Amino acid sequence: MIAEEISAAAAILRGVTRVVALTGAGVSAESGVPTFRGAGGLWEGQPVQEVATPQAFAADPVRVWRFYEERRRRLTRVAPNPAHRVLARWQDRFPSFTLVTQNVDRLHHAAGSREVLELHGSIWEIRCSSCGRSREDRTVPLPALPPVCASCGGTERPGVVWFGEYLPPGVMDAATEATQRCEVLVVVGTSAVVYPAAGLVEIAASGGAKVIEVNPDASAKAHLAEVNLRGPAGELLPNVDALLEGA
Ligand code: BV8
Ligand code: ZN
């Protein structure tokens with residue numbers, strides 16, 4: 001029964017000090033942002049894993065930019081949902097709270113979350129492929145595709161981590177360190193199939209932390225969860241938070 005699961009999740013979270021939350025596309029689903037799975041993992045019929053790669057960008061930068069422009073445009077019309085807002089509140093509810101996301105949409109920031117560990121970068125960052133100069137740019141549509149670097153004339157790319165690319169070292173180390181030390185890991189809206197992000201669930205569980213999953217469907221790591229809240233995060237996280245509020 002979901003009510004029991006919600007109380008079980010609140011019981012695990014009540015009184016703990018070190019909490020980490022790991023989020024994926026599902027936390028933004030109720031804001032109207034399609035998940036990767038939801039779209040069948042495809043863009044224009046091609047697996048995203050093939051579009052979101054340095055090879056695809058080298059072969060056809062305009063095509064890859066169209067993929068990101070379309071997502072940037074869609075993101076200008078969405079807002080954070082209650083799941084984002086609860087996770088923003090939790091940075092003040094727990095003495096040590098770390099928010100780790102695979103999302104590039106910055107909806108956690110828009111909900112008031114500070115110090116979000118963005119494992120896969122941000123769709124609002126633009127970086128020069130030559131000199132590495134990076135800037136936040138929310139212009140939609142961009143005046144030219146591909147955008148050109150103002151300081152060296154190089155081709156600019158979206159500031160996201162593509163498949164086959166290493167994650168920003170500092171960010172992954174901070175996420176790993178927080179997960180190794182946490183008492184509870186809350187896994188929200190991820191299928192947990194992309195690495196090294198998905199490996200964080202193992203790190204938490206093998207470190208003795210309790211894992212709570214919030215997802216209508218079982219992720220690839222659901223077997224590591226103490227409690228599985230099977231439903232939309234925008235509905236279930238506020239219920240858990242309400243029980244913590246009452247405590
Ligand atoms: C790397 C940014 C070193 C770009 C992304 C080990 C084993 C196997 C493969 C690998 C491995 N190690 C490395 C790999 C390769 C690869 C990988 O993991 N491949 C997978 C496909 C098997 N990893 C990499 O390439 C990483 N780099 O390892 O570098 C290296 C270097 C050279 C050579 C080798 C290794 C880089 C990975 C990062 C790629 N960039 N995003 C962009 O966004 O365009 S990944 C992208 O896809 C997302 O960021 C996210 O990580 C992933 C999608 O997953 P989710 O977010 O979970 O979304 P999904 O749609 O799948 O699921 C949504 C879930 O939400 C569902 O479960 C659904 O039920 C749920 N849901 C729906 N509605 C709701 C909900 N939940 C709650 N509430 C709701 N309302
Ligand atoms: Zn440059």
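The values are calculated or read from the model by the stated rules, or taken from the named source; none is laboratory data. Since the model is a prediction, treat every value here as computed from it, not as a measurement. Every residue, glycine among them, receives a Cβ derived from its backbone with ideal geometry; neighbour counts consider all protein chains shown. Ligands, DNA and RNA are excluded from the accessible area calculation, which covers all protein heavy atoms including side chains. Shrake-Rupley method; radii C 1.70, N 1.55, O 1.52, S 1.80 Å.
Things to note:
- For the chain, the mean residue ellipticity at 222 nm estimated from helices alone is -10500 deg cm²/dmol, where every DSSP H run of n ≥ 4 contributes -39500 (n - 2.57) and the total is divided by all residues, rounded to the nearest 500.
- Cα centroid separation - the stretch 63-107 against the stretch 159-214, whole Å: 16 Å
- Phe163 contributes about 80 Å² of solvent-accessible surface, heavy atoms of the protein only, 1.4 Å probe.
- For the stretch 90-210: accessible area per residue (Å², 1.4 Å): 43 Å²
- Ranking Gly208, Pro143, Leu13 by how far each Cα lies toward the positive end of the dipole of the chain (charges on Cβ) leaves Pro143 at the top.
- Within the full protein context, the accessible area of Leu13 is estimated at about 0 Å² for a probe radius of 1.4 Å.
- One compactness figure for the stretch 139-224 is 1.49, namely its Cα radius of gyration divided by 2.2 N^0.38 Å.
- Check: the chain dipole with +1 on Lys, Arg Cβ and -1 on Asp, Glu Cβ, in debye: 500 debye
- Arg138 versus Glu44: modelled label distance in nm, points set 7 Å from Cα along the beta carbon direction: 2.7 nm
- The tail of the calculated P(r) for the chain beyond 31 Å holds 24 percent of all Cα-Cα pairs.
- Coil-residue GluC sites (Glu not before Pro) of the stretch 156-240, DSSP, other Cβ within 10 Å capped at 15: Glu165, Glu226
- The order of Tyr195, Tyr68, Tyr166 by accessible area, most exposed first and with a 1.4 Å probe, is Tyr166, Tyr195, Tyr68.
- Remark on Arg133: its backbone amide H falls under 5 Å from those of Cys128, a criterion applied only to residues 5 or more positions apart or on other chains, H modelled at 1.01 Å from N.
- Enclosed volume per residue, in Å³, of the convex hull spanned by Cα atoms of the stretch 1-128: 126 Å³
- Cysteines without a disulfide-compatible neighbour (Cβ-Cβ under 4.7 Å), the chain: Cys182
- Accessible-area ranking of Lys221, Lys210, largest first, probe 1.4 Å: Lys210, Lys221
- Under 14 Å, Cβ to Cβ, from Gln91 - net charge with Lys/Arg +1 and Asp/Glu -1: +2
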